[in-house]
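Taking it in order: structure first as structure tokens, then the write-up.
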Amino acid sequence: MRHRSFYEATARQRIVEILDAHSFAELVGPEQRTVSPHMQALQLPVAFDDGVVVGRGTLHTKPVLIAAQEGGFVGGAVGEVHGAKIVGLLERARRERPAAALLLIDSGGVRLHEANAGLIAVSEIIRAILAARSDGVTIIAAIGGASGCFGGMGIAAACCSAVVMSEEGRLALSGPEVIETAHGVEEFDSRDRALVWRTMGGKHRYLLEDCDVLVDGDMEGFRAGIAAAMEAPQSLTLEALEREQAMLARRLQIFSSSRDGRDVWRTLGWPNPETVPLVPTDVFLAQAAALRAA
Amino acid sequence: MTASLVTSTQGDAVDWRSVVSRLFPEGHDIVQDGDLLTGSGRCGGETLAVVGTIHHAALGVEISLAMAQYILKIVREYPGRPLLLLIDTQGQRLRQRDELLGIHRYVALISKAIQVARDRGHRVIGLVYDQGVSGGILASAFSADVCGALPGAEIRVMNLPAMARITRIPEEQLRELSRKSPVFAPDPHNYVQMGAVDSIWEGDLAQCLQDALNRAQANDHRARLALERGGRLLAGRIARRVADDA
């Protein structure tokens, strides 16, 4: 069962297969019919969970709180109700102190149909993540769904304690279509899937250290990767941010002239950067580790 | 479903110098470097650190890093000094190079720096004095303890034509909605009603700043304000239900 693809699964399937068997209990489930008033006002389809499933369970017997966005409903985008469920889960984490709060992100960011309310909802998620981290809660972002992790959710992911991704995962601030619409196809061809992947895909993010754990795209890969990330808690301190700031400043110096993922990988010492997309995850991770050590 | 398409601007940019002189009649040493403002100002007998953006700045990797760097420097060198974020931004820079370099990390570092400042006892005030858009406002003024806005400010996730294109809702319908519904129009008064903007700053800006400093609190209370003001009725209630249900 656990070899099912994370990419193709629904939010509920992901939760059931990543947590310990039969451990999940949903909070404010679909029977409560918490639908979006803004989608209703526009006479658009609604979902009884507003596109996000939240609840509690265990992972390797440790208590966790978990939220999973449903990429199949408005691209997993965040509206008022959807955001409030995630914020509530993170507030609960501040009180319950689980081993971790897990965010299975599959989202284009702000739900444009809710415009201002969606923007504020994403802001409240970011603030709730940071407040929970300040209280010592470990928060893991897992990214590997068809809607990726874009817009304000990209900022939210970078505010978490750790990011777990599969190769197919995409993590960015602006989506390819948004960049293409603003500056044309010469700036970014959103239909060039290989280019999109080289710019924001899992392997590239891992090599730049924007992803902490890169996993195979099956459920067992994510389950193991999330468990590994929970073992290495990162605290939000001035010293940690000063180190991150120095790392990001170095990145700008080293890669200032890079225009493509391949340029970045070559600079990092990959002798044949064009092969990076082709190698299996385990081989890739071994090579990346060897290059980091060198 | 993402971020901002807004690059055009409506009308002339607000002159940051006049805003700053109204905020700090007791004096300031704020300097401009490109689209970045940094420095300090005196208000109510107190010294504030100021970091800001001008000319509807597009927040790319460099300016985002510089903003975070300045906040971290203040936290390191001036423990407890209140921070003012003076924001005029068209949102994150929409370029392939920024995404290649991981711009989400750079923008998030501003939010995280603000959180660490807050944790260490700094009050953090945001003021949207012109434009506040998408990732640019999420990471800055919306990460502050208290966010104010000037009456002519515009806050939005995307302009209406772009929103119509992506949501496939006719622009005329969105325009009609934005007349009736605070959810769609960029008018900062709508954001007051929805709790994300504490108040509109008018008249004596130095007094507004002092009032904001007095109201600053570490916990995010925007959903509560929204319920009190009738702008977002579900956010706080549903969050509470998820947080407290047995």
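The values are calculated or read from the model by the stated rules, or taken from the named source; none is laboratory data. Owing to the predicted nature of the structure, the values given are computational and were not obtained by experimental measurement. Using ideal geometry, Cβ is built from the backbone for each residue, glycine included, and neighbour counts are taken over all protein chains shown.
Would it be correct to say that B:GLY41 is over 12 Å from the mean Cα position of the chain (by Cα), small (Gly, Ala, Ser) and within 21 Å of B:VAL14 (Cβ to Cβ)?
On the way: over 12 Å from the mean Cα position of the chain (by Cα): yes; small (Gly, Ala, Ser): yes; within 21 Å of B:VAL14 (Cβ to Cβ): yes.
When the stated conditions are applied, B:GLY41 passes them.
Hey, can you tell me all the residues within region B:209-227 that are within 13 Å of B:ALA144 (Cβ to Cβ), in contact with a strand residue (DSSP E or B) (Cβ under 8 Å, 6 or more places away or on another chain) and in a helix (DSSP H, G or I)?
Passing the criteria: B:LEU209, B:ALA212, B:LEU213, B:ARG215.
For every residue, the table says whether it meets (1) at pLDDT below 95; (2) away from chain A (no Cβ under 14 Å); (3) more than 19 Å from B:PRO82 (Cα to Cα).
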{"residue": "B:VAL197", "(1), (2), (3)": "no, no, no"}
{"residue": "B:TRP201", "(1), (2), (3)": "no, yes, no"}
{"residue": "B:LEU205", "(1), (2), (3)": "no, yes, no"}
{"residue": "B:LEU213", "(1), (2), (3)": "no, yes, no"}
{"residue": "B:ALA223", "(1), (2), (3)": "no, no, yes"}
{"residue": "B:ALA226", "(1), (2), (3)": "no, no, yes"}
{"residue": "B:LEU234", "(1), (2), (3)": "no, no, yes"}
{"residue": "B:ALA239", "(1), (2), (3)": "no, no, yes"}
{"residue": "B:ALA246", "(1), (2), (3)": "yes, no, yes"}
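In region A:190-213, what residues are in a loop (DSSP other than H, G, I, E, B), within 10 Å of chain B (Cβ to nearest Cβ) and out of contact with any helix residue (DSSP H, G or I) (no Cβ under 6 Å at 6 or more places or on another chain)?
Listed by number, the residues that qualify are A:LEU208, A:GLU209.
Just to be sure, is A:SER190 within 22 Å of B:LEU109 (Cα to Cα) and hydroxyl-bearing (Ser, Thr, Tyr)? Reasoning before the result, please.
On the way: within 22 Å of B:LEU109 (Cα to Cα): no; hydroxyl-bearing (Ser, Thr, Tyr): yes.
For A:SER190, the condition - within 22 Å of B:LEU109 (Cα to Cα) and hydroxyl-bearing (Ser, Thr, Tyr) - is not met.
Could you tell me which residue of region B:209-233 is farthest from the chain's Cα centre (by Cα), considering only residues that are surrounded by fewer than 22 Cβ atoms within 10 Å (Cβ to Cβ) and among the hydrophobic types (A, V, I, L, M, F, W, C)?
My answer is B:LEU233.
Going by the conditions given, is A:SER174 touching a Leu at 6+ places or on another chain (Cβ under 9 Å), among the hydroxyl-bearing types (Ser, Thr, Tyr), assigned to a loop (DSSP other than H, G, I, E, B) and within 11 Å of chain B (Cβ to nearest Cβ)? Even if it seems obvious, please write down each step before you answer.
Working: touching a Leu at 6+ places or on another chain (Cβ under 9 Å): yes; among the hydroxyl-bearing types (Ser, Thr, Tyr): yes; assigned to a loop (DSSP other than H, G, I, E, B): yes; within 11 Å of chain B (Cβ to nearest Cβ): yes.
Spelling it out, A:SER174 is indeed touching a Leu at 6+ places or on another chain (Cβ under 9 Å), among the hydroxyl-bearing types (Ser, Thr, Tyr), assigned to a loop (DSSP other than H, G, I, E, B) and within 11 Å of chain B (Cβ to nearest Cβ).
Only residues that are closer than 12 Å to A:HIS82 by Cβ and either in contact with a strand residue (DSSP E or B) (Cβ under 8 Å, 6 or more places away or on another chain) or more than 10 Å from chain B (Cβ to nearest Cβ) (or both): list them for region A:29-47, please.
Within region A:29-47, A:MET39, A:VAL46, A:ALA47 qualify.
Quick check on my filter: what residues within region A:96-120 are at the interface with chain B (Cβ under 7 Å from one of its Cβ atoms) and either among the acidic types (Asp, Glu) or in a helix (DSSP H, G or I) (or both)?
Keep residues of region A:96-120 that are at the interface with chain B (Cβ under 7 Å from one of its Cβ atoms), which gives A:108-120.
Listed by number, the residues that qualify are A:LEU112, A:HIS113, A:GLU114, A:ALA115, A:ASN116, A:ALA117, A:GLY118, A:LEU119, A:ILE120.
Within region A:189-196, is even one residue touching a residue at least 60 places away in the same chain (Cβ under 8 Å), buried (at least 21 other Cβ atoms within 10 Å of the Cβ) and under 15 Å from A:GLU168 (Cα atoms)?
The answer is no, given that none of the residues of region A:189-196 is touching a residue at least 60 places away in the same chain (Cβ under 8 Å), buried (at least 21 other Cβ atoms within 10 Å of the Cβ) and under 15 Å from A:GLU168 (Cα atoms).
Report, by residue number, each residue of region A:264-279 that is in a helix (DSSP H, G or I) and either touching a Pro at 6+ places or on another chain (Cβ under 8 Å) or closer than 24 Å to A:ASP216 by Cα (or both).
First, pick out the residues of region A:264-279 that are in a helix (DSSP H, G or I): A:264-267, A:273-275.
Of everything in region A:264-279, those that are in a helix (DSSP H, G or I) and either touching a Pro at 6+ places or on another chain (Cβ under 8 Å) or closer than 24 Å to A:ASP216 by Cα (or both) turn out to be A:VAL264, A:TRP265, A:ARG266, A:PRO273, A:GLU274, A:THR275.
Per-residue answers, yes or no, for (1) at pLDDT below 95; (2) within 18 Å of the chain's Cα centre (by Cα); (3) of a type in the set (Phe, Trp, Tyr):
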position: A:ALA11; (1), (2), (3): no, yes, no
position: A:ASP49; (1), (2), (3): no, no, no
position: A:ALA68; (1), (2), (3): no, yes, no
position: A:GLU91; (1), (2), (3): no, no, no
position: A:ALA101; (1), (2), (3): no, yes, no
position: A:HIS113; (1), (2), (3): yes, no, no
position: A:ALA117; (1), (2), (3): no, no, no
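What number of residues in region A:28-51 are buried (at least 22 other Cβ atoms within 10 Å of the Cβ) and either assigned to a strand (DSSP E or B) or not acidic (Asp, Glu) (or both)? Explain how you work it out, then say what you get.
Within region A:28-51, the subset buried (at least 22 other Cβ atoms within 10 Å of the Cβ) is A:28, A:34, A:36, A:38-39, A:49-51.
Within this subset, residues satisfying the condition of being either assigned to a strand (DSSP E or B) or not acidic (Asp, Glu) (or both) are A:28, A:34, A:36, A:38-39, A:51.
Selection size over region A:28-51: 6.
Hey, among the residues in region B:27-61 that are touching a residue at least 24 places away in the same chain (Cβ under 8 Å) and not in a strand (DSSP E or B), which one's farthest from the other protein chains (Cβ to nearest Cβ)?
Residue satisfying both the conditions and the ranking: B:GLY44.
Looking at B:LEU48, B:LEU84, B:LEU94, which one is of a type in the set (A, V, I, L, M) and over 17 Å from B:GLY136 (Cβ atoms)? Even if it seems obvious, please write down each step before you answer.
Values: B:LEU84 fails: over 17 Å from B:GLY136 (Cβ atoms); B:LEU94 fails: over 17 Å from B:GLY136 (Cβ atoms).
Residue meeting the stated conditions: B:LEU48.
Of the conditions (1) under 21 Å from B:MET163 (Cα atoms); (2) in a helix (DSSP H, G or I); (3) of a type in the set (Gly, Ala, Ser), A:SER147 fails just one. Which one is it?
The failed condition is (2).
Give the number of residues within region A:250-294 that are β-branched (Val, Ile, Thr), closer than 29 Å to B:GLN69 by Cα and buried (at least 16 other Cβ atoms within 10 Å of the Cβ). Working first, answer last.
Restricting attention to region A:250-294, the residues satisfying the condition of being β-branched (Val, Ile, Thr) are A:254, A:264, A:267, A:275-276, A:279, A:281, A:283.
Pick out the ones that are also closer than 29 Å to B:GLN69 by Cα and you get A:254, A:264, A:267.
Now narrow it down to the ones that are buried (at least 16 other Cβ atoms within 10 Å of the Cβ): A:264.
Residues meeting the conditions: 1.
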